[in-house]
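Below is one structure, written out as C-alpha cells, with a few remarks after it.
The values are calculated or read from the model by the stated rules, or taken from the named source; none is laboratory data. If you're wondering where the values come from, they're calculated on a predicted model, not measured in any experiment. Don't worry about glycine lacking a Cβ; one is built from the backbone with ideal geometry, like all the others, and counts go over all protein chains shown.
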C-alpha cells in the first residue's frame, strides 16, 4: 500500500529535510513517528528537500507499508508521535504510479519579509527581518527578468549538485501587506539556494543598494559571485506542490492565512 501525506513544519529546529549524519532532520523525525505507527521500518520520499531553517506549509511525501490504516488514523497516529513543530495535515491512499518527487509538475515557494524598524518577537525565526525601507515598485520591476526559462547559475549555491542550471519560472509575484513583503515563486524545479539568492538580490534592489537593471545583468553573467548575499532561511516556506489532477492531492492554505492572528 502506498500512502501520501501532507506535512507542515517549522524548520528552525532542524538541519533541513534530508536525513544525514547531523541531527535532527525532518525526514528522520517523520520516519521514526510513522515507523512506530506502522510497526515496521518506514522510508519516506519527499517532493522537495528543504534546507536548514526552511519551513513548509505543505510538503508532500509518500511511503509504502504493509500496515493497513484509514487515512485519518495515519494523521492522528503520526501527530501523536511527532513534536509540536511538525504536523501531518492529511493522508491519502495513492496508486503505485505516484511518486512525491517525480510525479510533481511544479513547486511553489514563498519568501516572507517583515519590513519595519524593530525586530520581530512573535515571528522570530519565521520571517526575514529587513529594517531598511524596501521600495516595492523597484523590486517588482527587477523581478520581471527572472520569469521564463533561464540559466540560473548566478542564483544557485556553489555546492549545488544539479546537472543543469536551466529552470523555468512560471510565476514570480511580490505582494505587500502592511509591513510584510511576500515573494511568491513557482517553477518546474529549483536549484540549491535559488529562492534565497533571488530574494537576496531583490532585497538589495529594494533598499537601494543595487539598481533595478543589476538583476538582469546578474542573470546574464551566469556567475554566482555576481549575485550578492544569500537571504536568510527564516522567511522561506515551501507552500505547494502541484500534481496531475487525478492524484487528488489537496490544495494548501495560503501562507499569509497561516500567519494571521485574531485579537
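Here are the numbers:
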item: Qualifying residue in segment 79-90 (condition: free of Cβ contacts under 8 Å to residues at least 24 places away in the same chain and in a loop (DSSP other than H, G, I, E, B)); result: yes
item: In segment 53-74, the residues that are farther than 18 Å from residue 15 by Cα, outside any strand (DSSP E or B) and under 24 Å from the mean Cα position of the chain (by Cα); result: 74
item: Scope segment 234-256; condition in a helix (DSSP H, G or I) and either modelled with pLDDT of 95 or more or more than 16 Å from the chain's Cα centre (by Cα) (or both); matching residues; result: 245, 246, 247
item: Candidate set from segment 19-48 (those that are within 21 Å of residue 99 (Cβ to Cβ), in contact (Cβ under 8 Å) with a residue 24 or more places away in the chain and surrounded by fewer than 17 Cβ atoms within 10 Å (Cβ to Cβ)); member that is nearest to the chain's Cα centre (by Cα); result: 45
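Matching residues to (1) assigned to a helix (DSSP H, G or I); (2) under 20 Å from residue 53 (Cα atoms); (3) modelled with pLDDT under 95:
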residue: 133; (1), (2), (3): no, no, no
residue: 139; (1), (2), (3): yes, no, no
residue: 142; (1), (2), (3): yes, no, no
residue: 158; (1), (2), (3): no, yes, yes
residue: 164; (1), (2), (3): no, no, yes
residue: 175; (1), (2), (3): no, no, yes
residue: 185; (1), (2), (3): no, yes, no
